[in-house]
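Worksheet: the structure to be examined is printed underneath.
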Amino acid sequence: MDKSSYDPKRTPEQSIYEYILHSVCVSRLAGIVAEELGFEDAFRKDMELAGLLHDIGKGRSGELDFSGSGEDGLAKLDIDALRSSRTHPSLGYMILKEEGYSNFVANAVLYHHENYDGTGFPSNLRGKEIPVAARILRVCDTYAALITNRPYRRAFDPDTAMELMREDVKYFDMKVFLAFLTVMQEEKNQKLITRIIQSESTLEDLAWEQNIEMKEIDLLWQNLCRD
Ligand SMILES: [Fe+2]
Ligand SMILES: [Fe+2]
């Protein structure tokens, strides 16, 4: 798959592969930001797991089922898709509890779309009411989403993504956002993220390269494929 050219008519398998790359991106960023914030190793590992599985509910929510074309060939983000996009954190939580994951990981996933100013979903939590793990995911997920192609829009370059995040800084925990800015100033981290989003590796190789257990990649794949 050529990741450098954008093809709005991707196969479902390509879309799911891109979601897995997005998830790996969030996983690595969340681990690096947790480390920068001074959390211990066990916390960092749980953050990597939560980052990897944060969008696992998207298969059940039907959110990956984009159809139709908008202007300039991009798929249309219709009302149903918007509605289902709001259910994926709760569905993800349910899947992770069924699979025996910890409350830490399941709650990070449940609240990863809560905004610091209280405007997020599913529970309109505000500030420190939001678990810190979810506040870390919110920042890392936003960046990872902006720099990748989505069915309804093209990817932003890293500088533009950063600028857009600064404009919406009210959504983020400032301490987490500042830690994120610090780690993204390091060239090695920028290169790591670029390497992941441009990856054409098989899922097995990706797991090996990024030190991720294949059972988690399999779980993600199976759940994203489900409708
Ligand atoms: Fe999400
Ligand atoms: Fe995401």
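Values quoted throughout were computed directly from the atomic coordinates according to the rules given, and no laboratory measurement underlies them. Because the structure is predicted, anything quoted here is derived from the model rather than measured. A quick note on method: Cβ atoms are made from the backbone with ideal geometry, for glycine too, and the neighbour counts reach across all protein chains shown.
In whole Hz, what ³J(HN,Hα) sequence does region 135-148 give by Karplus (6.51, -1.76, 1.60; θ = phi - 60°), x for Gly and Pro?
Karplus-based 3J(HN,Hα) across region 135-148 equals 5, 5, 4, 4, 5, 5, 5, 4, 4, 4, 6, 5, 8, 10 Hz.
Loop-only check: which GluC sites (Glu not before Pro) in region 172-227 are DSSP coil with at most 14 other Cβ within 10 angstrom? Kindly include the intermediate steps, with their values, before the conclusion.
Numbers: sites: Glu186, Glu187, Glu200, Glu204, Glu209, Glu213, Glu216; in loops: Glu186, Glu200, Glu213.
Hits after loop and neighbour filter: Glu186, Glu200, Glu213.
Rounded to whole Å and sorted largest first, list the principal axis extents of the Cα atoms in region 81-205.
36, 35, 28
Which trypsin sites (Lys or Arg not before Pro) from region 108-204 combine a DSSP loop assignment with at most 14 other Cβ atoms within 10 Å? Could you put the intermediate results ahead of the total?
On the way: sites: Arg126, Lys128, Arg135, Arg138, Arg153, Arg154, Arg166, Lys170, Lys175, Lys188, Lys191, Arg195; in loops: Arg126, Arg154.
Filter output for region 108-204: Arg126, Arg154.
Once amide H atoms are placed 1.01 Å from N in the peptide plane, what residues at a sequence separation of 5 or more from Arg150, or on another chain, have their amide H within under 5 Å of its amide H?
For Arg150, the qualifying residues are Ala155.
Past the 25 Å Cα-Cα mark, which pairs from Lys97/Lys175; Lys97/Lys188; Lys58/Lys215; Lys97/Lys215; Lys188/Lys215; Lys45/Lys215? Don't skip to the end; give the middle numbers.
On the way: Lys97/Lys175 29 Å; Lys97/Lys188 35 Å; Lys58/Lys215 18 Å; Lys97/Lys215 16 Å; Lys188/Lys215 28 Å; Lys45/Lys215 16 Å.
The pairs that break the limit, which is 25 Å between Cα atoms, are Lys97/Lys175; Lys97/Lys188; Lys188/Lys215.
Taking region 89-140, which GluC sites (Glu not before Pro) meet the DSSP loop condition and have no more than 16 other C-beta atoms within 10 Å?
Passing sites in region 89-140 are Glu99.
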